[in-house]
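Heads up, the thing below is written out as structure tokens.
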Amino acid sequence: MTGRIDRLSLKNFTAEDKAVGVAVSAVLAGAVGLAVFNPLTGSAVAETATQAAAVAEKGTAAVTENGAAPAGPAAMTAAEASQAGYKVPPRDVDPSEVIKLAEKQVGISEGKGGQTKFHDWYVSTPHAKATADRDGGFSVDAYNGAQWCNMFVSWLGAQTGVKNMGWDAYTVQHASWFEDTGRWGQKAKPGSVVFFDWDRGSSISAIDHVGIVVKDNGDGTVKTIEGNTSNEVQKKTRDKSLIVGYGYPDYNPEYKA
């Protein structure tokens, strides 16, 4: 975690920060999820083309901004996917593909101003504006140099075309979205999105950090790959007592580990 700002949860913000909104504080302090939870309606809402294409018929019903049912992932063309921020259109992906890509990023560190290619990608997507608007209406430039653990996770999903990985810059929102769309649980599965609370709590609102599960070690620990860890992407072994829960993207249903 970068020494510049290592507080990723609302519990570390002042009352004034919270009153102003989760928004700017969250961006300057953290990073998280894709199809977002709408705090006004209590439902998962597809705020961008990316979300509309990624949200599956599972858990809470998702709608586009105009209230229409979203098109399925197969309806997204390569051009539309690129415009939304994907490298490839959403498709059935094995978790091993995401893990291999994450492993290739190990050692990538922050450049000038704390910037990484993960920041560059996130800011370039229309989803960045959607989350900035959701969280208070600030400029997407505020994401530059901010905490990037969830931008890293989001980038993995965009590069591989995983359905329902979730893109965001604020971990609490990302985890909430997984929970509200029926993709939340307590089992460490390869490729699942793992959320941490350094105080060993169990509340989503207290989440500090996020990464990708490589495997459950079977000894009370989980092997992960995480961005924004000592200013770089690192492989880690984490005790399960630090884990609040896991988000489950829609991987290839025919995949066998």
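The values are calculated or read from the model by the stated rules, or taken from the named source; none is laboratory data. Remember, it's a predicted structure, so these values are computed and weren't measured experimentally. Please note: Cβ atoms are built from the backbone with ideal geometry, for glycine as well, and neighbour counts cover all protein chains shown. What goes into the accessible areas is simple: the full protein's heavy atoms, side chains included, and nothing from ligands, DNA or RNA. Shrake-Rupley method; radii C 1.70, N 1.55, O 1.52, S 1.80 Å.
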*Mind listing whichever residues of region 188-202 are open to solvent by 30 Å² or more (accessible area, probe 1.4 Å) and closer than 10 Å to Lys240 by Cα?*
Arg200
*Just for region 207-257: of the residues that are open to solvent by less than 20 Å² (accessible area, probe 1.4 Å) and not in a strand (DSSP E or B), which one is nearest to Pro95 (Cα to Cα)?*
Pro249
_Which residue is nearest to Lys129 (Cα to Cα), if the candidates are limited to region 149-199 and must be of a type in the set (Ser, Thr, Tyr) and more than 10 Å from the chain's Cα centre (by Cα)?_
Ser176
*Members of region 105-123 that are surrounded by fewer than 22 Cβ atoms within 10 Å (Cβ to Cβ) and within 16 Å of the chain's Cα centre (by Cα)*: Lys117, Asp120, Trp121, Val123
*Does region 159-187 hold any residues that are of a type in the set (Ser, Thr, Tyr) and in a helix (DSSP H, G or I), and which are they?*
Thr160, Thr171, Ser176
*When region 124-137 is examined, which residues are found to be more than 15 Å from Tyr86 (Cβ to Cβ) and open to solvent by 30 Å² or more (accessible area, probe 1.4 Å)?*
Lys129, Asp133, Arg134, Gly136, Gly137
*State which residue is nearest to Val123 (Cα to Cα) when the search covers only region 81-104 and only residues that are of a type in the set (Gly, Ala, Ser) and crowded, with 18+ Cβ neighbours inside 10 Å.*
Gly85
